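Here the structure is laid out as structure tokens; the discussion comes afterwards.
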Amino acid sequence: MSRSEMEEEDREKIEPHEEEPTDPDFQGPTSESLHKLTQNELNNLVRDLELPKVKAELLASRMKQWKYLDEGVEITLYRYRQKNLKEFFTMEGTLVACKDVDGLFKALNMSHCSD
């Protein structure tokens, strides 16, 4: 095998093939078959990844741009996600304290030992 033939063979192995599949039974994904995330699924993903608000909003915005989100999924929801938890805290100057630990854990659907 000549050097040019070896180089061509190596190039074929490395370079992506742009041609259409030749299998007549092949069916690529259609836009109808792709799973689009619901609001709850997106919220769970953001929580599982422990994303801060800015990054959660960026992720949601990109996913919406790429059409990975269901209709009606709100992106700006993450700007105010702490709103329903404010009632459990108090602020004096620069000091913030939780004034209702039991209520906070209940609102987060979490259990804790309140001794």
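What follows is calculated from the coordinates using simple rules that are stated; it is not laboratory data. Just so it is clear, the structure is predicted and the values come from calculations on it, not from any experiment. Don't worry about glycine lacking a Cβ; one is built from the backbone with ideal geometry, like all the others, and counts go over all protein chains shown.
Points to keep in mind about this one:
- When Thr94, Thr90 are checked against the criterion of being touching a strand residue (DSSP E or B) at 6+ places or on another chain (Cβ under 6 Å) and hydroxyl-bearing (Ser, Thr, Tyr), Thr90 stands alone in meeting it.
- Segment 53-68 residues that are free of Cβ contacts under 8 Å to residues at least 12 places away in the same chain, paired with ones that are surrounded by 14 or more Cβ atoms within 10 Å (Cβ to Cβ) and not in a helix (DSSP H, G or I) (beta carbon under 9 Å, 6 or more apart): Leu58/Leu51; Arg62/Tyr68; Lys64/Val73; Lys64/Ile75
- Exactly one residue among Thr94, Thr38 is among the polar types (S, T, N, Q), more than 21 Å from Met110 (Cβ to Cβ) and within 16 Å of the chain's Cα centre (by Cα), and that residue is Thr38.
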